[in-house]
Every structure is written in C-alpha cells, then in structure tokens.
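Here is the structure we will look at, set down as structure tokens.
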Amino acid sequence: MDGKKVMLSGIQPSGDLHLGNYLGPLRHWPEMIEEFDCYFFMADLHTITVRQDPAQLRKRTLTQIAQYIACGLDPEKCVLFVQSHVPAHTQLSWVLNCYTMFGELNRMTQFKDKSAKHAENVNAGLFTYPVLMAADILIYQPDFVPVGEDQKQHVEICRDIAERFNGVYGDVFRVPEPYIAKVGARIMSLNTPDTKMSKSLHEGCVFLMEKPEDIMRKFKRAVTDSDTERCVRYAPAEKPGVSNLMQIYAAATGKTYEDIEAEFAGQGYGKFKPAVGEAVAETLRPIREETERLLADKAYLESVYRAGAEKASYAAEKTLRKVYKKVGFIAR
Ligand code: ATP
Ligand code: LTN
C-alpha cells in the first residue's frame, strides 16, 4: 500500500458479537481506517479449535462481515476478509510452529482456561492457536494490533516469536505493539461482574443484534453491589458491578466517571441501570438495523469478502515468499 502505518485485527465468529467485543476493540477500528492501512478479518480458522456447527459457522461469519461494515468499516477504505480465504496464514503458521517453544505455549492462560472448559477436546489446534494468531499478524507486517485486554498475552507471544525469527534471519518481521483502549478494554458480565462478558455466558452478555427491550431487561436485572452506600461511584475493587456499568455507560456516551457520578448523585441505582440500558440500546440500534439491511444483500457481502481476500493475499504472499526464501525453501 502507500507507506502509512499498518493495523490489523480479527475476531472469531465462534458466537454472536457482543458488547464486550464492540466496546473493547471493534468500536475503535473505524477511527483507524483514515490514518492507517487496516486489515480486519473473521478468524474462522481459529473457531474450529472448539467444535462448531458448520451451518452456524457460515452464518455467523457472514453476519460478522455485515456487522464490521455496519460498525463503520467502509470496505473501500480498509481490507475486510475471511481468514480461511487467505491460505498464506496457515502456511506461515507451520513455519512459525517450528520457532515456537512447547513451554511458552503451555504457559498461555487462554489454553489453560479453554482446555479446562472443553476437557473432552483438548486438541493440538487449541494448543498451537497462538502460533496461527502470530502468523495472522506478522504476515501483514503491522505496527499495531488493537485488541481487548484478554488478548494481550497473545500479542506478546507473537512479538517473542517474531524477535526469535528475526534473531536468526535478520529483520524479516516488523514487531507489532498491542493497542488496548483505556475505557472498555475489559467489560464484565452483567450477572457475574467478576468474570468477563463472554458469548459463552449468555445471561450476563448483551449481543449486538439484541432488541432494545431485551437489552433494557438485561440492564435492569444487572447485578449491583451489596454495599450499604448504594451510590454510583467508580471503585472497581469494592464495587465491581456498579463500576462495570459505569465503564459501559462511559464507553457508550463518552462521559467521564466524574460526569457520571455527578449525574446520578443521591439517586441510588434505580435510575442508573435503565439509563445505561438506554444508552447501550441507542448505540446498538443503528448497527443492528444496518446489519439487517446488509444481510439481505448477499451479493454485496460476497463482493466485499472476495475483493478483501485478493488484497489481503497480495500482501500476505509477499511476506510468505520472503520467509520461505530465508528458511531455505526453493522458489517454485
Ligand atoms: P469467548 O467467549 O470464546 O472467550 P469472547 O467473547 O471473549 O470469546 P473473542 O472472539 O475471544 O470473544 O474476542 C474478540 C475480541 O474482543 C478480542 O479483541 C477480545 O480481546 C475482545 N473482547 C472479548 N471479550 C471482551 C470483553 N468482555 N471486554 C472487552 N473486550 C473483549
Ligand atoms: N484470538 C483473537 C482472534 C484473532 C486475532 C488474530 C486478533 C485471531 N487472529 C490476529 C488479532 C490479531 C480473539 O479475539 N480471540
């Protein structure tokens, strides 16, 4: 492309996108497309580390493309693609597997969590997941990778792999920085505010496609804290429930924590919870409506991901050729 800094990120279509995905990384992506050369993809290859229903996976992948566009990712201004459409990711992943240590993969917290959760299917893909993610990243030579807090360890191992490879072969890969937003980096479940909001915990999770009345219901039922002061105050350790709602409200409205404390001073939680619900419902309404409109135009979505795969392949194959040459493979 044209000498701008490069940015890349992806989300797995392993479930419907939720408020944590949106307020953490996704909301910030459209701000970046003017300034950076951006690649955003549906990480479908990653999803099969856990069993998927094939029809559901296809549907969710397509919905996710529509949601990316509805959130403001103009396909004319950034590259939107499906990970499995660019085989260079998996090709680089094999090479990087041979430059990644068993011990470092064994320390990854996501591997430990997911193998505990899916004890009947602790497959090798789940173990080498971070290597595929490193390949996804390094193949586009990005400067930044915007993700939520929980993905930081994966970007760090990617940096370690890149530095190890560069140490042997010279400066092949740019070593990228994670980019983690200050507000919204870790949205917690509305039911259990000590665990992160996640698509696998349905009740405490708000999905981007949910109707306003369902969103309101979830916020009205959100767990607040059992402290006696009953006031809206930001104190994550003492008041995790209220502080999480404040984080959501701040991210959805752009207000500061001080503004929010002043707005609800002396009012308890009765007005605060529906106000957060309303702010979220209003933020998500245009995204849901635009997603529905786009999903009705399959031909357009196909044209977006086809063009995206072509542009992404061009950049990815350039890095792959360089890597193959460095390690000593004969060019075809
Ligand atoms: P799972 O339920 O399988 O753990 P997930 O809901 O955590 O999935 P991912 O696909 O792993 O979602 O994450 C996609 C992106 O959203 C990542 O950048 C991740 O850091 C971010 N993210 C996920 N959950 C949250 C959250 N609760 N708050 C902020 N960011 C989040
Ligand atoms: N592991 C990420 C998805 C992902 C990703 C990436 C994010 C796969 N490859 C490359 C950033 C860059 C997740 O959200 N669970």
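The values are calculated or read from the model by the stated rules, or taken from the named source; none is laboratory data. Predicted model, so just to flag it, every value in this text is computed and none were measured. As a convention, Cβ positions derive from the backbone with ideal geometry for all residues, glycine included, and neighbour counts pool all protein chains shown. Surface areas here come from the heavy atoms of the whole protein model, side chains and all, with no ligands, DNA or RNA. Shrake-Rupley method; radii C 1.70, N 1.55, O 1.52, S 1.80 Å.
Going through (1) free of Cβ contacts under 8 Å to residues at least 24 places away in the same chain; (2) near ligand 2 (Cβ under 10 Å from one of its atoms) one by one, residue 40 falls short only on (1). Taking the stretch 135-150 as the range and being of a type outside the set (Gly, Ala, Ser), in contact (Cβ under 8 Å) with a residue 60 or more places away in the chain and within 15 Å of ligand 1 (Cβ to nearest atom) as the test, the residues that pass are 136, 137, 142, 144, 145, 146, 147, 149. Among the residues of the stretch 107-134, those identified as more than 15 Å from ligand 1 (Cβ to nearest atom) and either at pLDDT below 95 or farther than 17 Å from residue 147 by Cβ (or both) are 107, 119, 120, 122, 123, 124, 127, 128. Looking at the stretch 162-192, which of its residues are of a type in the set (A, V, I, L, M), surrounded by fewer than 20 Cβ atoms within 10 Å (Cβ to Cβ) and away from ligand 1 (no atom under 16 Å from the Cβ)? Once the filter is applied, which keeps residues that are of a type in the set (A, V, I, L, M), surrounded by fewer than 20 Cβ atoms within 10 Å (Cβ to Cβ) and away from ligand 1 (no atom under 16 Å from the Cβ), the stretch 162-192 yields 168, 172, 175. Look at the stretch 76-103: where a residue is touching a residue at least 40 places away in the same chain (Cβ under 8 Å) and a partner is in a helix (DSSP H, G or I) and of a type in the set (Lys, Arg), sitting 6+ places away or on another chain with Cβ atoms under 6 Å, you get 79/311; 99/164.
Only residues that are within 16 Å of residue 302 (Cα to Cα) and assigned to a helix (DSSP H, G or I) were counted across the stretch 31-43, and they come to 0. Only one of the listed residues (222, 235, 279, 252) is open to solvent by less than 60 Å² (accessible area, probe 1.4 Å), under 21 Å from the mean Cα position of the chain (by Cα) and among the small types (Gly, Ala, Ser). That residue is 252. Assess whether residue 24 counts as being in contact with a strand residue (DSSP E or B) (Cβ under 7 Å, 6 or more places away or on another chain), touching a residue at least 12 places away in the same chain (Cβ under 8 Å) and of a type outside the set (Asp, Glu). No: the conditions fail for residue 24.
Within the stretch 53-91, being open to solvent by less than 10 Å² (accessible area, probe 1.4 Å), within 16 Å of ligand 1 (Cβ to nearest atom), aliphatic (A, V, I, L, M) and part of a helix (DSSP H, G or I) holds for one residue alone: 65. Of the helices (runs of 4 or more DSSP H) lying entirely inside the stretch 221-329, those carrying at least 1 residues that are within 20 Å of residue 76 (Cβ to Cβ) are 272-295, 298-327.
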